[in-house]
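Below you'll find the structure, written out as structure tokens, and then a few comments.
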Amino acid sequence: MVSSLIELLDIDLTLGAGAARVHVLKNLSLKIARGETIGLVGPSGSGKSTLLMTLAGLERPDRGSVRLNGCDLTTLDEDALARFRGENIGIVFQSFQLIPTMTALENVAVPLELAGRSDAFERAAEELAAVGLGQRLSHYPRQLSGGEQQRVALARALAPDPLILAADEPTGNLDSETGSSIVDLIFEQKSRRNATLVLVTHDAALAARCDRVVRLRSGRIEGQD
């Protein structure tokens, strides 16, 4: 029986090479329960985003294990890791990372098509409607506001119905009012799907909405509350 949905054990990770090499995560261990909402906070350079990318399978640790739903990601080759990530993890970035030459509908359909879903475009349309963009399917990113682009990015992350939603400063490029509406939408969709949410933020009010706040400093967990 899997006791935690996410379990990181003794993670060490360095980035860069030579004189630029930085020890980002240092002997870090963390367990996250299914359905839990975690806020990762700490000063710039503390390792928050790197930790999020590590548990999402986008960074490979030098040492330690990353277990998601009983699967050790560190044992998977790149193809198997990409498949696992596509089926189980949805990621929302601060910078939206939409494909500029694709419509909103096409952007959301991409991960579904890669997963071989025959209903990719129907599912994408449903997800865009769920985030309030049912009338913007044929619009390109340049035709959308920042808030609308982040809604497209959220729809894309949620389309495969992932176990885990990872959000890296999702309101960082938005004004406070738009950011607040995006946060409400993230929490609403998380609850509706009973997903596990891991959120990197500098916003104390946003962190306070999480079930647990994990504080990082210099690549280590400084405390949790």
### Task
Scan region 154-184 residue by residue and report those that are open to solvent by less than 10 Å² (accessible area, probe 1.4 Å), among the aliphatic types (A, V, I, L, M) and in a helix (DSSP H, G or I).
LEU154, ALA155, ALA157, LEU158, ILE182
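I need the strands (runs of 3 or more DSSP E) fully contained in region 14-95, keeping only those with at least 2 residues that are of a type in the set (Phe, Trp, Tyr).
Fully inside region 14-95 and qualifying: nothing.
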#### Entry: Which numbered condition ASP12 fails, given (1) among the charged types (D, E, K, R); (2) farther than 21 Å from ALA207 by Cα; (3) open to solvent by 60 Å² or more (accessible area, probe 1.4 Å)
(3)
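Determine which member of the set LEU133, LEU165 is modelled with pLDDT of 95 or more and out of contact with any Ser or Thr (no Cβ under 9 Å at 6 or more places or on another chain).
Criteria check complete, one pass: LEU133.
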### Task
List every residue pair whose Cβ atoms lie under 6 Å apart, where the two residues are 6 or more positions apart in sequence or sit on different chains, the first residue falls within region 10-35 and is farther than 17 Å from GLY57 by Cα, and the second residue, located anywhere, is small (Gly, Ala, Ser) and not in a helix (DSSP H, G or I).
VAL22/GLY16; LYS26/GLY219; ALA33/SER4
### Message
basic (Lys, Arg), assigned to a loop (DSSP other than H, G, I, E, B) and either touching a residue at least 12 places away in the same chain (Cβ under 8 Å) or surrounded by 20 or more Cβ atoms within 10 Å (Cβ to Cβ) (or both): which single residue out of ARG123, ARG136, ARG151 fits that description?
### Response
ARG136
#### Entry: Output for region 93-111, where each listed residue is surrounded by fewer than 15 Cβ atoms within 10 Å (Cβ to Cβ), closer than 21 Å to GLU126 by Cα and at pLDDT below 95
GLN97
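The values are calculated or read from the model by the stated rules, or taken from the named source; none is laboratory data. In this text the structure is predicted, and so the values were computed from the model without any measurement. Heads up, the Cβs are rebuilt from the backbone with ideal geometry, glycines too, and the neighbour counts pull from every protein chain shown. Accessible surface areas use protein heavy atoms only, side chains included; no ligands, DNA or RNA. Shrake-Rupley method; radii C 1.70, N 1.55, O 1.52, S 1.80 Å.
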